[in-house]
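Working notes, beginning with the structure itself.
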Amino acid sequence: MGRPELPVDHTLPERGELAEALRRVRTLTGLSYDELADRTGLSPATLKRATSGRTVPAEETVTAFAAACGGERADALRRLWLNARIADRGRLAQLHEPARPQFINSRRELSAALEYFYEAAGAPPLRRLAALAGDPYLLPVSSAHQIVKRKALPVSRQQMVAFLTACGLTGKALVLWGDAFEEITRYPDGPYSRLNALFERAENLTRARLLENHQVVDGRGNRRFVAHWTAADMRVARDLAGQSAAAAS
């Protein structure tokens with residue numbers, strides 16, 4: 001019989017919770033560390049360190065550990081790993097959760113949002129981030145480094161979506177943040193540039209009354225076409241009007 005394991009280190013609660021969960025999974029399967037090593041291709045020392053609570057193991061170690069033990073707890077273990085990784089780095093707690101993408105106003109705010117998403121994804125190594133993007137040519141490691149360090153924005157909407165995909169965003173969120181990227185990079189960098197442009201567009205809209213077949217009548221009674229107003233423009237204008245009304249009440 002091997003020596004009993006040392007108690008889990010709970011100095012950082014999230015690390016300790018992950019280690020305890022890994023130990024429970026191993027106990028339920030009845031596998032020794034040597035047997036786990038044979039199944040995972042990892043060393044027994046690496047597996048024991050993962051269950052110590054003293055460090056946060058690599059995500060790949062937790063994934064292999066869960067698969068070797070049957071895989072039923074893989075999702076739960078991945079969430080515990082993410083919590084432990086975020087707590088261990090401590091960076092996410094220093095960042096502000098970004099506003100909705102349609103209210104991001106500047107390159108600086110957009111860059112901060114991208115760092116937030118990266119940290120919320122557990123700050124994966126940059127080579128893994130590039131792989132998660134789906135194509136290493138879409139998100140080279142050098143570009144990923146510049147983005148996560150707030151030294152540069154993505155060079156295109158395609159790279160923006162690739163970065164966010166690697167950080168775990170899906171569906172409509174990718175569309176909205178892609179739209180925000182295009183809006184932000186359309187205007188010269190500087191405070192309030194995008195917001196001023198949106199307010200000007202909203203102000204122009206309030207001077208017009210919508211008619212059938214997409215015509216408007218401006219304040220002087222002249223008919224004009226507004227085909228350039230998209231549904232997204234209309235939603236932004238309504239949102240801005242709602243915010244203004246809320247602030248005034």
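Couple of notes before you dig in:
- Distance between modelled label sites at His96 and Arg186, nm, 7 Å Cα→Cβ extension: 2.4 nm
- Expressed as a whole percent, the proportion of Cα-Cα pairs in region 111-192 lying more than 22 Å apart is 16%.
- Net charge of Cβ neighbours under 14 Å - reference Gly122; Lys, Arg +1; Asp, Glu -1: +1
- Of the GluC sites (Glu not before Pro) found in region 1-106, those in coil by DSSP whose Cβ has at most 14 other Cβ atoms within 10 Å are Glu5, Glu72.
- Per residue, the convex hull volume that the Cα atoms of region 44-199 enclose (Å³): 124 Å³
- Restriction of the chymotrypsin sites (Phe, Trp or Tyr not before Pro) in region 70-167 to DSSP coil positions whose beta-carbon has at most 10 other beta-carbons within 10 angstrom yields Tyr137.
- Remark: region 1-105 is approximated by an ellipsoid whose semi-axes, taken from the C-alpha gyration tensor as √(5λ), come to 31, 15, 10 Å, largest first.
- Loop-located trypsin sites (Lys or Arg not before Pro) in region 21-122, at most 15 other Cβ atoms within 10 Å (DSSP): Arg54, Arg91
- A Förster radius of 22 Å combined with the Cβ-Cβ distance from Lys151 to Lys172 puts the calculated FRET efficiency at roughly 0.15.
Computed from the coordinates by the stated procedures, all read-outs in this text should not be read as laboratory data. Everything numeric here is computed off the predicted structure, so don't read it as measured data. Neighbour counts run over all protein chains shown; Cβ positions are idealised from the backbone, glycine included.
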